[in-house]
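A.B. asks: What follows is a structure written as structure tokens; I'll ask about it next.
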Amino acid sequence: MEQSESKNNQIEIWGGVECSVVRINGTVHDQLKMNGHEDRLDDLDLFAEIGLKKLRYPLLWEKYASQKENFFTKHDARLEKLRLLNIEPIAGLLHHGSGPFETDMLQPEFPYLLAEYAYTIAKQYPWIEYYTPVNEPMTTARFSGLYGIWYPHLKDDYSFAMMYINEIKGIILSMVKIREINPKAKLVQTEDIARIHSTSILSYQANLENERVWLTYDILTGNFGPTHSYWEYFLSLGVDIEELEFFTKHHFTPAICGFNYYVTSERFLDDRINDYPMRMIGGNDFHDYVDIEVVRVGEQKMKGIEALLNEACKRYNLPVALTEIHLACTREEQLRWFSDAYNAVKSLKQQGMNVIAITAWSLLGSFDWNTLLQYKGKYYETGVFDIRSGKPRATAMSNLIKELASDNKPTENLLEIPGWWKRNVRISYQQPEDIKQLITNEFIEYQSLQPLIVFGESSISTAFEQMCILRGIPVITMQKIGPFTYSEEEIIKVIRQNNPWAIVYISEFSKIDEAEISPLDCYRENTHYPRLLAQICKAHNVRMLTLSSDQVFNGRKKQPYIEADSTDPINVYGMSKKIAEESILMVNSDVLIIRSSLLMNPYNTDEFLFDLLFKNQHTRNRYLVSDIVVSPAYLPDLINTALDLLIDKEKGIWHISGPDVVSYFDIAEMAISFAGISNIKLHPIPSIKIVAHAKRPAFTALRSASGIVLPGIEESVVKYISEIANYHRT
């Protein structure tokens with residue numbers, strides 16, 4: 001490693017695209033296909049714009065085996081573009097994969113086949129300097145050989161040990177072969193930097209696992225031999241001593257020790273199993289215990305990335321980089337997580353530690369890591385960019401990366417508040433008796449910071465307040481004394497006094513039939529007032545969010561409406577929303593307008609689902625409309641998405657809804673089934689039999705060109721019922 005690189009005082013920002021190609025029960029889970037990166041050359045321009053110095057670039061063995069000549073045609077262009085953009089690639093050859101279909105991590109030939117592939121890559125790209133032949137070998141071996149999650153789905157210590165040994169041997173042999181082509185080639189080795197905490201009785205298990213954290217680097221740096229604790233462990237499993245002696249004769253010291261850190265990287269082993277649900281109980285041959293994230297246990301504290309990296313620096317005296325840092329959470333928490341990690345790395349640098357970089361991972365988000373890739377395409381978490389529309393959309397993370405890459409102070413005000421992993425809201429187990437009060441008191445402390453202001457007193461306003469409290473977003477809800485009481489002067493005064501970063505406007509006028517009876521009141525609430533707020537926000541440089549409705553459409557399309565579809569309302573309420581949208585964007589094009597369909601609102605006791613489930617249950621026969629079709633959404637899900645978009649500084653009209661296209665009758669039928677209600681008989685009826693003042697469009701399901709889709713109706717109904725029980729109980 002060149003001394004100039006380690007002495008550079010500025011922390012480099014690197015990037016990485018989630019690129020796992022994992023076999024699970026005969027199917028291939030290919031992140032690069034799912035995120036579309038392998039077909040978008042222009043992604044690299046976006047990566048350059050945010051200031052990346054290096055990119056963990058996938059040149060995957062599995063891809064080469066299936067594509068051959070086309071593989072190099074594609075990557076020749078990409079790697080040449082990286083050179084033009086002054087982004088240095090770190091070539092990754094195996095990323096949680098087990099190699100091509102004809103290979104197996106248990107095969108003795110595996111490390112040699114990997115080394116042959118590494119030689120092929122080096123020969124094609126002799127100028128590439130940095131390599132990661134195998135990403136997180138310990139993690140891959142554990143998930144494939146010890147836990148049975150990934151191919152070849154084995155669950156025994158010996159299989160785990162041999163997979164791991166073959167991976168490490170493959171790393172060493174690969175770097176030797178690469179050096180035949182490029183003598184300057186350097187190894188950037190990555191592993192999860194975990195820390196295991198435990199009760200005293202389980203300290204033996206915690207110590208074993210904590211030693212395992214460093215094993216990859218111990219072997220590669222030549223510090224593995226008969227005196228190492230894992231030497232005897234491997235021999236006890238039946239590993240041939242010749243396999244271990246290979247590492248006493250061959251090693252390859254990393255030029256950079258790369259560590260990956262997640263909120264789940266620190267674990268707590270707890271033998272007090274009665275404090276946890278039965279489904280969480282596991283153990284070893286000696287004790288039953290729960291293995292849980294430290295962050296979720298009230299009495300435990302995370303050691304933290306700064307302390308762990310400090311330990312790594314002192315243990316190996318080698319350059320260290322944070323090669324993955326990511327959080328699947330709401331936008332401000334993603335910002336806080338990355339910012340915390342950057343500050344930790346910078347602090348270590350200022351203390352004289354040889355910490356050189358932090359990596360934005362994953363740039364394009366990732367799929368299905370909430371189930372360790374076991375269910376394909378079920379769950380997407382955004383990264384620095386959101387790719388759900390098929391084209392990467394920069395989130396607020398991209399601006400943060402750009403600022404840090406330029407060594408500028410971040411401008412996002414929400415970074416002043418600690419992340420959830422530092423707040424009392426983190427605690428799920430071993431809770432203090434006064435946990436609710438602790439959370440409330442904690443939130444009050446943040447209220448003096450720059451807030452979000454919610455205008456409008458309604459159950460939706462309540463929901464916004466609830467979501468903000470959970471997310472650590474200071475919020476002020478303006479309470480009206482009577483209708484339309486805030487004058488322009490009073491609004492301006494509120495803004496000047498509180499200096500909000502954004503304003504949310506929620507109209508109290510939401511009853512469609514009432515709009516036909518009181519159109520002037522409807523237009524005043526739904527049209528005039530939000531337009532006035534939009535003007536004021538424009539003048540004071542304050543972001544604004546408001547909600548619109550599916551009622552702006554006439555319902556004759558018979559396919560879900562997208563944002564670009566023409567509006568043509570058939571009732572007064574819908575017309576008030578249409579005019580509001582147009583007039584708001586005319587005076588302030590930066591306003592974010594969220595259109596939604598039916599909202600399942602657990603804070604509203606005056607809507608059909610609450611009435612069905614919790615009122616008049618002695619009435620056996622209930623009649624629900626079956627020919628009005630909507631795309632329902634659970635209100636807290638919609639609010640969380642809207643807040644993310646607001647933090648991203650998005651604007652214009654967005655459709656946010658669930659994926660299902662269902663009638664009111666369908667929703668009711670599912671709700672009573674999930675609630676276990678058997679004394680109600682539902683009857684479908686046509687809307688023409690309902691006495692109503694206003695016409696309703698027959699079909700108002702929504703879809704978004706952004707690709708954002710909220711959870712489906714089944715999950716939404718379950719969450720709705722659960723939240724009603726929690727909220728109205730208190």
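The values are calculated or read from the model by the stated rules, or taken from the named source; none is laboratory data. Fair warning: this is a prediction, and the values are worked out from it, not measured in the lab. Quick reminder, even Gly has a Cβ in these numbers, built from the backbone with ideal geometry, and neighbours come from all protein chains shown.
A.B. asks: Within 16 Å of the chain's Cα centre (by Cα), more than 22 Å from Leu32 (Cβ to Cβ), in the same structural domain as Ala48 (by TED's automatic domain parsing) and of a type in the set (Lys, Arg), is that true of Arg336?
C.D. replies: Details: within 16 Å of the chain's Cα centre (by Cα): yes; more than 22 Å from Leu32 (Cβ to Cβ): yes; in the same structural domain as Ala48 (by TED's automatic domain parsing): yes; of a type in the set (Lys, Arg): yes.
So Arg336 passes the test.
A.B. asks: So which residues in the range 475-506 are modelled with pLDDT of 90 or more and of a type in the set (Gly, Ala, Ser)?
C.D. replies: Within the range 475-506, just Ala502 meets the criteria.
A.B. asks: Quick test of your reading of the structure: Asn86 fulfils all but one of (1) touching a Lys or Arg at 6+ places or on another chain (Cβ under 9 Å); (2) on the phi < 0 side of the Ramachandran plot; (3) of a type outside the set (Phe, Trp, Tyr). Name the failing condition by number.
C.D. replies: Status for Asn86: all satisfied but (2).
A.B. asks: Same structure, new question: Which numbered condition in (1) crowded, with 16+ Cβ neighbours inside 10 Å; (2) aliphatic (A, V, I, L, M); (3) under 34 Å from the mean Cα position of the chain (by Cα) is the only one that Leu449 fails?
C.D. replies: Looking at each condition in turn, Leu449 falls short on (1).
Condition check ((1) closer than 17 Å to Leu646 by Cα; (2) in contact with a Phe, Trp or Tyr (Cβ under 7 Å, 6 or more places away or on another chain)) across all residues:
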residue	(1), (2)
Leu438	no, no
Ser458	no, no
Thr462	no, yes
Cys468	yes, no
Met478	no, yes
Val494	no, no
Asn498	no, no
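A.B. asks: Residues Met175, Met105: which one is at pLDDT 95 or above, assigned to a helix (DSSP H, G or I) and not acidic (Asp, Glu)?
C.D. replies: Exactly one residue qualifies, and that residue is Met175.
A.B. asks: Got a sec? Which of Val384, Val295, Val345 is aliphatic (A, V, I, L, M), closer than 20 Å to Ile193 by Cα and crowded, with 22+ Cβ neighbours inside 10 Å?
C.D. replies: Numbers: Val384 fails: closer than 20 Å to Ile193 by Cα; Val295 fails: crowded, with 22+ Cβ neighbours inside 10 Å.
Sole residue among the options that is aliphatic (A, V, I, L, M), closer than 20 Å to Ile193 by Cα and crowded, with 22+ Cβ neighbours inside 10 Å: Val345.
A.B. asks: Considering each of Asp627, Asp550, Asp648, Asp590 in turn, give the residue that is in the same structural domain as Phe665 (by TED's automatic domain parsing), out of contact with any Leu (no Cβ under 8 Å at 6 or more places or on another chain) and under 23 Å from Pro697 (Cα atoms). It would help to see each step written out before you state the result.
C.D. replies: On the way: Asp550 fails: out of contact with any Leu (no Cβ under 8 Å at 6 or more places or on another chain); Asp648 fails: under 23 Å from Pro697 (Cα atoms); Asp590 fails: under 23 Å from Pro697 (Cα atoms).
From the options Asp627, Asp550, Asp648, Asp590, the qualifying one is Asp627.
A.B. asks: Right, another one. With (1) surrounded by fewer than 22 Cβ atoms within 10 Å (Cβ to Cβ); (2) modelled with pLDDT of 95 or more; (3) more than 18 Å from Glu412 (Cα to Cα); (4) among the small types (Gly, Ala, Ser) as the list, and Ser366 as the residue in question, which single condition is left unmet?
C.D. replies: (1)
A.B. asks: Which of (1) in a helix (DSSP H, G or I); (2) in contact (Cβ under 8 Å) with a residue 60 or more places away in the chain; (3) out of contact with any Lys or Arg (no Cβ under 9 Å at 6 or more places or on another chain) does Asp340 not meet, given it meets every other one?
C.D. replies: (3)
A.B. asks: Of the residues that make up the range 689-697, is at least one farther than 21 Å from Ser596 by Cβ, of a type in the set (Gly, Ala, Ser) and touching a residue at least 24 places away in the same chain (Cβ under 8 Å)?
C.D. replies: Of all residues in the range 689-697, those farther than 21 Å from Ser596 by Cβ come to 689-691, 693.
Cutting the leftovers down to of a type in the set (Gly, Ala, Ser) gives us none.
Within the range 689-697, none of the residues are farther than 21 Å from Ser596 by Cβ, of a type in the set (Gly, Ala, Ser) and touching a residue at least 24 places away in the same chain (Cβ under 8 Å).
Conditions (1) in contact (Cβ under 8 Å) with a residue 40 or more places away in the chain; (2) over 25 Å from His153 (Cβ atoms), marked per residue:
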residue	(1), (2)
Gly16	yes, yes
Arg56	yes, yes
Ser66	no, no
Thr73	no, yes
Ala77	no, yes
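A.B. asks: Shifting gears a bit: Would you pick out the residues in the range 150-172 that are in a helix (DSSP H, G or I) and of a type in the set (Asp, Glu)?
C.D. replies: Filtering the range 150-172 for residues in a helix (DSSP H, G or I) gives 157-172.
Of everything in the range 150-172, those that are in a helix (DSSP H, G or I) and of a type in the set (Asp, Glu) turn out to be Asp157, Glu167.
A.B. asks: Before we move on, is Lys346 modelled with pLDDT of 95 or more and of a type in the set (D, E, K, R)?
C.D. replies: Working: modelled with pLDDT of 95 or more: yes; of a type in the set (D, E, K, R): yes.
Judged against the criteria, Lys346 is a match.
A.B. asks: Does the range 86-102 include one or more residues that are in a helix (DSSP H, G or I) and under 25 Å from Leu322 (Cα atoms)? Break it down stepwise before answering.
C.D. replies: Quick first cut of the range 86-102, residues in a helix (DSSP H, G or I) only: none.
There is no residue in the range 86-102 that is in a helix (DSSP H, G or I) and under 25 Å from Leu322 (Cα atoms).
A.B. asks: Follow-up. Please give the number of the condition Thr27 fails out of (1) over 28 Å from the mean Cα position of the chain (by Cα); (2) modelled with pLDDT under 95.
C.D. replies: (1)
A.B. asks: Being more than 21 Å from Ala48 (Cα to Cα) and surrounded by fewer than 22 Cβ atoms within 10 Å (Cβ to Cβ) is the filter here; which residues of the range 390-416 pass it? Full working, then the answer.
C.D. replies: Of all residues in the range 390-416, those more than 21 Å from Ala48 (Cα to Cα) come to 412-416.
Listed by number, the residues that qualify are Glu412, Asn413, Leu415, Glu416.
A.B. asks: Check Leu187 against each of (1) farther than 22 Å from Ala65 by Cβ; (2) part of a strand (DSSP E or B); (3) out of contact with any Phe, Trp or Tyr (no Cβ under 9 Å at 6 or more places or on another chain) and name the one condition it does not meet.
C.D. replies: Of everything listed in (1) farther than 22 Å from Ala65 by Cβ; (2) part of a strand (DSSP E or B); (3) out of contact with any Phe, Trp or Tyr (no Cβ under 9 Å at 6 or more places or on another chain), Leu187 misses just condition (3).
A.B. asks: Mind telling me which of the residues Ser663, Ser596 ends up being closer than 30 Å to Phe385 by Cα, assigned by TED's automatic domain parsing to the domain that holds Val718 and of a type outside the set (A, V, I, L, M, F, W, C)? Steps first, answer last, please.
C.D. replies: Values: Ser663 fails: closer than 30 Å to Phe385 by Cα.
Only one candidate passes the filter, namely Ser596.
A.B. asks: Looking only at the range 674-686, filter to residues that are modelled with pLDDT under 90 and not aliphatic (A, V, I, L, M); which one of those is surrounded by the most Cβ atoms within 10 Å (Cβ to Cβ)?
C.D. replies: Among those residues, the one meeting the criterion is Phe674.
A.B. asks: Considering the range 537-562 alone, what residues qualify as being over 23 Å from Phe509 (Cα atoms) and not small (Gly, Ala, Ser)? Let's see the steps before the verdict.
C.D. replies: Taking the range 537-562 and keeping what is over 23 Å from Phe509 (Cα atoms), we get 538-542, 556-562.
Matches in the range 537-562: Lys538, His540, Asn541, Val542, Arg556, Lys557, Lys558, Gln559, Pro560, Tyr561, Ile562.
A.B. asks: Now for a different question. Please determine whether any residue of the range 609-630 is under 28 Å from Pro451 (Cβ atoms) and at pLDDT 90 or above. I'd like the intermediate steps shown before the answer.
C.D. replies: Pass one, the range 609-630, residues under 28 Å from Pro451 (Cβ atoms): none.
Looking for residues that are under 28 Å from Pro451 (Cβ atoms) and at pLDDT 90 or above, one finds none in the range 609-630, hence no.
A.B. asks: One residue is enough: does the range 239-258 have a residue meeting the conditions surrounded by fewer than 21 Cβ atoms within 10 Å (Cβ to Cβ), polar (S, T, N, Q) and in contact (Cβ under 8 Å) with a residue 60 or more places away in the chain?
C.D. replies: Checked against the condition, which is being surrounded by fewer than 21 Cβ atoms within 10 Å (Cβ to Cβ), polar (S, T, N, Q) and in contact (Cβ under 8 Å) with a residue 60 or more places away in the chain, the range 239-258 yields at least one hit.
A.B. asks: Quick one: in the range 268-279, which of the residues that are within 26 Å of the chain's Cα centre (by Cα) and crowded, with 21+ Cβ neighbours inside 10 Å is farthest from Gly15 (Cα to Cα)?
C.D. replies: If we take residues in the range 268-279 being within 26 Å of the chain's Cα centre (by Cα) and crowded, with 21+ Cβ neighbours inside 10 Å, then Leu269 is farthest from Gly15 (Cα to Cα).
A.B. asks: I'd like the residue in the range 129-156 that is out of contact with any helix residue (DSSP H, G or I) (no Cβ under 7 Å at 6 or more places or on another chain) and in contact (Cβ under 8 Å) with a residue 12 or more places away in the chain and, out of all such residues, is nearest to Asn25 (Cα to Cα). Reasoning before the result, please.
C.D. replies: To start, the set of residues in the range 129-156 that are out of contact with any helix residue (DSSP H, G or I) (no Cβ under 7 Å at 6 or more places or on another chain) comprises 129-130, 132, 135-136, 139, 143, 147-148, 153, 156.
Of the ones still in play, those that are also in contact (Cβ under 8 Å) with a residue 12 or more places away in the chain are 129-130, 132, 135-136, 139, 143, 153.
On the way: Glu129: 36, Tyr130: 33, Thr132: 27, Asn135: 22, Glu136: 21, Thr139: 19, Phe143: 13, His153: 8 Å.
Residue satisfying both the conditions and the ranking: His153.
A.B. asks: May I pose another question? Could you tell me whether the range 483-500 includes any residue that is touching a strand residue (DSSP E or B) at 6+ places or on another chain (Cβ under 9 Å), more than 16 Å from Arg543 (Cβ to Cβ) and not hydroxyl-bearing (Ser, Thr, Tyr)? Talk me through it step by step, then tell me what you get.
C.D. replies: Within the range 483-500, the subset touching a strand residue (DSSP E or B) at 6+ places or on another chain (Cβ under 9 Å) is 486, 491, 494-495, 498, 500.
Still in the running and more than 16 Å from Arg543 (Cβ to Cβ): 486.
If we keep only those that are not hydroxyl-bearing (Ser, Thr, Tyr) as well, we get none.
The answer is no, given that none of the residues of the range 483-500 is touching a strand residue (DSSP E or B) at 6+ places or on another chain (Cβ under 9 Å), more than 16 Å from Arg543 (Cβ to Cβ) and not hydroxyl-bearing (Ser, Thr, Tyr).
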